[in-house]
Amino acid sequence: MSVLAIDTASRHRLVVLRAGRGGELVAARTAGGGAALPWLDRSLVELGVSGLEAVVVVTGPGSYTGLRAGIAVGLGVAHTLGLPLHGVSSLEVVARSAPDGETEMLALVEAGRGGAYAGRFLRRAGILEMRGEAHRVSLASVALGEPLPVTLDALDLPGVRPGDPVRALAAAIPAALARPPLALAGLAATYLD
């Protein structure tokens, strides 16, 4: 049995993968952005949906159009197959890309127009916890250093640690599954001003 995970929150990156409940990667497909729905359709055919036990979708913050496409596809798969649908924030996925030894990190998701969505995370005993609220910041105002800034995007900032989007999404699966499933009606993504 495996879990399908979908991340379409970025304007420049699409990720869909199958992994075990513990985040063990089975197979993944990535693309550089663009038309999410046709690519997701092809990726689901390639990865297959038989034997799934749950679906995980990234709920934002991120690209409005991308989030809507990924959540819609995740909802469609979950509803059609009678599976639970779980959500995880894009900032949490980014934070999971930080090296194992890091206890505090600043997750950054590209927001366009010289900005980023930011969230501060603390890791204790393997548990990742968000400190405060997600907010939009100017890239010019991001203080580098402590905590470690991490991203899955190509941000033009020296000192920002880039992560692997496939590994980060797979690593987010256990935490997403530990939360109650999302309602299959009335879903909404997270959009920040």
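General remarks:
- Hey, Val94 outside any helix (DSSP H, G or I), on the phi < 0 side of the Ramachandran plot and either aliphatic (A, V, I, L, M) or open to solvent by less than 20 Å² (accessible area, probe 1.4 Å) (or both) or not: no
- Test: residue in segment 9-17 that is open to solvent by 40 Å² or more (accessible area, probe 1.4 Å) and over 16 Å from Leu152 (Cβ atoms): no
- Subset of segment 106-132 that is of a type in the set (Gly, Ala, Ser) and in a loop (DSSP other than H, G, I, E, B) - its residue that is most open to solvent (accessible area, probe 1.4 Å): Ala125
- Here Asp156 fulfils each of the conditions (1) at pLDDT below 95; (2) under 15 Å from the mean Cα position of the chain (by Cα); (3) under 17 Å from Arg13 (Cα atoms) apart from (2).
- For segment 18-35, the set of residues classified as open to solvent by 60 Å² or more (accessible area, probe 1.4 Å) and either in contact (Cβ under 8 Å) with a residue 24 or more places away in the chain or touching a Cys at 6+ places or on another chain (Cβ under 7 Å) (or both) consists of Arg21, Glu24, Leu25, Val26, Thr30, listed by residue number.
- When Gly87, Gly70, Gly66, Gly74 are checked against the criterion of being open to solvent by less than 40 Å² (accessible area, probe 1.4 Å), in contact (Cβ under 8 Å) with a residue 24 or more places away in the chain, under 20 Å from Arg21 (Cβ atoms) and part of a helix (DSSP H, G or I), Gly74 stands alone in meeting it.
- Residue that is least open to solvent (accessible area, probe 1.4 Å), among those in segment 133-180 that are in contact with a Gly (Cβ under 6 Å, 6 or more places away or on another chain) and assigned to a loop (DSSP other than H, G, I, E, B): Leu152
- Test result for Val49, open to solvent by 20 Å² or more (accessible area, probe 1.4 Å), of a type in the set (A, V, I, L, M) and assigned to a loop (DSSP other than H, G, I, E, B): yes
The values are calculated or read from the model by the stated rules, or taken from the named source; none is laboratory data. Small disclaimer: the values here were computed from a predicted structure and weren't measured. Cβ: placed from backbone, ideal geometry, glycine included. Neighbour counts: every protein chain shown. Note: accessible area is taken over every heavy atom of the protein model, side chains too, but ligands, DNA and RNA are not part of it. Shrake-Rupley method; radii C 1.70, N 1.55, O 1.52, S 1.80 Å.
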